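Please read the structure below before turning to the comments.
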Amino acid sequence: MFPHLPRLRQVLAWLAGLGAFLSMIAIAQVVSEGESSKGRVLLLTVQDAIGPATSDYIVRGIGRAAEEGAALVVIELDTPGGLDTSMREIIQAILGSNVPVAVYVWPQGARAASAGTYILYASHIAAMAPATNLGAATPVAIGAPAAPGSEPPAERPGDRDGEGDEGETEDRPRAPQPTTASERKAINDAVAYIRGLAEQRGRNADWAEAAVREAASLSASQALELGVIDVVARDLDDLLRQIDGRTVELPSGEITLETAGLVIERAEADWRTRFLSVISNPTVAYLLLLIGIYGLILEGYNPGAVLPGVVGAISLLLALFAFQILPVNYAGLALIVLGVILIIAEFFVASFGALGIGGVAAFVFGSIILMDADVPGFGLPIGLITSVSTAAALLLLGVVWLAMRSRTRPVVSGREQMIGGVAVALEDFDVEGSVRINGERWRARTSSPVRKGDRVLVTQVRGLLLEVAPDRADARPGPR
């Protein structure tokens, strides 16, 4: 009844067998990938100030390591410090990670200053290369001179840079001491934060407090001696050998590291991180702001140009996004916008340079206070501010020079230009008739008879009527 049924069963059997075979291959591949990821170290590299791009890169790197089941995350760190919000995002990711995170201050000559010290304290394994240093973790918001007569703080472990062979010591520069309630709040908050990290990881909490209150710093060997770090390693292979067999505490419980022979995979920054890194650069954000403002102003004065408006709008939106994640003083931002508007207004208002000079001054002051220069890596270069301000001043001087030149030039258009001009009569008339001047036909009134073709002088303009008089230089010779 169904002659093709046996063949259909045969095809279905073949398909079932093929599906089972492909499933076994997929399972084997997943198992293989899982086993290989467990034998991998994910390496993240930070060699700049800690900012939004850095925190995005590290947080997503730790998340990727957890998804792929990596055995260890190593963060190679070399930073002068950075933003508090970005630092805390990184620390929260480390504390919540179920993959061990080792922070390694590398290469030789690198540092983990300010925010880098907090990140080092938060890590499961804190390591440094020889000839590196950490510390100076005082919040920069208190960067005011110490109050007159204030007492120096008591010495703590790590207050001295080191001792010579004869026991001589050298005083380390002390951090400015807090003088206001807000400064004391910032210091006490930072101290509590870093002491909590130190106690959780079993590291030297007293020196951590000294790093905050007194900007204490340590070399790698001193940090190891004082129990601030766990390992001093020459390179990454040496680090993996030294931490093999150590026990670390994760949110899921204690684990013993098995790092000998692990494969190292470097996680490069993707396009998103690179994009954030570019636009969160204060110099780039500053230039985007200027391009955006000037672009919109040019579009306003030239409606329909399109390109200045499009470029300006995109640049301004990118600049505002960057300023949202940067330590921006909005009073400085307002002064910059006001300065640009005043400089542009000088083109159209006869203020004898007052608007322009005020605009340049507002622009310079706004640029100086725009960024929090005390945050490492997030200040505007003085050279850039000087260059842009000089260009604005030169533009203003150019406008003033052109205005002065225009005062000495004769009028070439308008009512004033027509008075004293020469017109030609298009017909004979005694009182009113038609004349041509500058290629235009006008009605004219005269007090003396005019013949067609006579040259007449314009003496007055009354709306659309010209007052004319015969041009004596065009007197015609009489009949011969």
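Read the figures in this text as sums done on the coordinates, not as results from a lab. What you are looking at is a predicted structure, and each value in this text was computed from that prediction instead of being measured. All Cβ positions, even for glycine, are placed from backbone atoms using ideal geometry, and neighbour counts span all protein chains on display.
Here are some notes:
- Ranked by the mean number of other Cβ atoms within 10 Å of their residues, highest first, the peptides 40-52, 225-237 come out as 40-52, 225-237.
- Computed from the C-beta positions of Thr283 and Leu394, the FRET efficiency with R₀ = 35 Å rounds to 0.95.
- Cα shape, the range 415-474, gyration tensor, a/c 1.5 rule: rounded
- In nm, spacing of pseudo-spin labels at Arg451 and Thr179 (7 Å Cα→C-beta vector): 9.6 nm
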